[in-house]
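A.B. asks: Just passing along the structure, written as structure tokens.
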Amino acid sequence: MGRLRFGPAGKPTNFKGGYEEVPAILKQMGLDALEYEAVRGVRVTKEQAEAIGRAARENDVVLSMHAPYFINLASPEQDTVTKSIERLRESALASEAMGAYAVVFHPGYIKGNSSREEALQRVIDALGQLLDSLDLKVAWLAPETTGKVSQVGDIDETIRICQSHERLRPAVDWAHLHARAEGKAILSVDEVVNIIERIEKELGSWAVRPLHTHFSRIEYGKGGEREHHTLAEKDYGPEWEIVCRAYVETGIDAVVISESPILEQDSLVMKSTCQKYL
Ligand SMILES: [Zn+2]
């Protein structure tokens, strides 16, 4: 039986204190994962990062980080790629200081490229360049499955990016896969099991020890995601039970980050739903 960890994408809803206080709060609630949100820029100092890391270790909370949204490694504009690499470098260094094991990022946009393949190659080249100049000991860069068809990041592309360098691991956002398929994916336990087994086969079993994942319900339109919704809003998919049963069936370890508007509260719902199957 694998270990499943649950926690929010960012500080608990309505909590106004510092990140270093969050691990103790999560532990008290029965949660054990936290994604530090640097989505608008990496603003944490080395000392703050180390304090957050200490608090996380003391409270048995596994840390990850979400890198800034303004990253586009697939851009044909060299200046955009250079700035994107710098943002990712800052995120990676802050993650090392914090002891965060995964630096989640959105690889980039297809726009401006002649094909998806060209965009993918630009991402792979930029990541190779960055990773060869870093000496990461704790953090893996983790390209996320993205919510829009206009972005690099379907499951095949995510696996191929991760095959290109040993310091890359996938971040699977199940809601995004559902949204980019306009509701036609992540509909059965078998389908989710297949994706997990492909990741394990094509990258190695380390990639599911643990598998880094995001979950919420999601609203989509043409081309993909609109917005994330709570687990109680049953008009939107995908179903958490499907994903949870696939984790239990495959026996993988997983970190499940809640991207619901009621972050940590839905983490608790996910945890208790899953416990029925364990
Ligand atoms: Zn993301």
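The values are calculated or read from the model by the stated rules, or taken from the named source; none is laboratory data. All values reported here derive from a predicted model rather than from experimental measurement. Methodologically, a virtual Cβ is constructed for each residue, glycine included, from the backbone with ideal geometry; neighbour enumeration extends over all protein chains shown.
A.B. asks: Report, by residue number, each residue of segment 152-170 that is touching a strand residue (DSSP E or B) at 6+ places or on another chain (Cβ under 6 Å) and within 15 Å of the ligand (Cβ to nearest atom).
C.D. replies: Passing the criteria: 152, 158, 161, 169.
A.B. asks: Which one of these is under 26 Å from residue 161 (Cα atoms) and in contact (Cβ under 8 Å) with a residue 60 or more places away in the chain: 262, 218?
C.D. replies: 218
A.B. asks: Quick one: would you say residue 92 is part of a loop (DSSP other than H, G, I, E, B) and of a type in the set (A, V, I, L, M)?
C.D. replies: No: the conditions fail for residue 92.
A.B. asks: Here's a follow-up. Pick from 237, 183, 147, 224: which is away from the ligand (no atom under 16 Å from the Cβ) and buried (at least 18 other Cβ atoms within 10 Å of the Cβ)?
C.D. replies: 237
A.B. asks: Let me ask something additional. Inspect segment 31-50 for any residue being farther than 14 Å from residue 95 by Cβ, away from the ligand (no atom under 14 Å from the Cβ), touching a strand residue (DSSP E or B) at 6+ places or on another chain (Cβ under 6 Å) and not in a loop (DSSP other than H, G, I, E, B) and give the result as yes or no.
C.D. replies: Within segment 31-50, one or more residues are farther than 14 Å from residue 95 by Cβ, away from the ligand (no atom under 14 Å from the Cβ), touching a strand residue (DSSP E or B) at 6+ places or on another chain (Cβ under 6 Å) and not in a loop (DSSP other than H, G, I, E, B).
A.B. asks: Something else about it: How many residues does segment 39-70 hold that are surrounded by fewer than 24 Cβ atoms within 10 Å (Cβ to Cβ) and closer than 28 Å to residue 116 by Cα?
C.D. replies: Here the count works out to 6.
A.B. asks: Residue 84 - would you say it is modelled with pLDDT of 95 or more, outside any loop (DSSP other than H, G, I, E, B), within 16 Å of the ligand (Cβ to nearest atom) and in contact with an Asp or Glu (Cβ under 7 Å, 6 or more places away or on another chain)?
C.D. replies: So residue 84 does not fit the description; no.
A.B. asks: Given the structure, is residue 20 crowded, with 16+ Cβ neighbours inside 10 Å, over 19 Å from the mean Cα position of the chain (by Cα) and not hydrophobic (A, V, I, L, M, F, W, C)?
C.D. replies: Judged against the criteria, residue 20 is a match.
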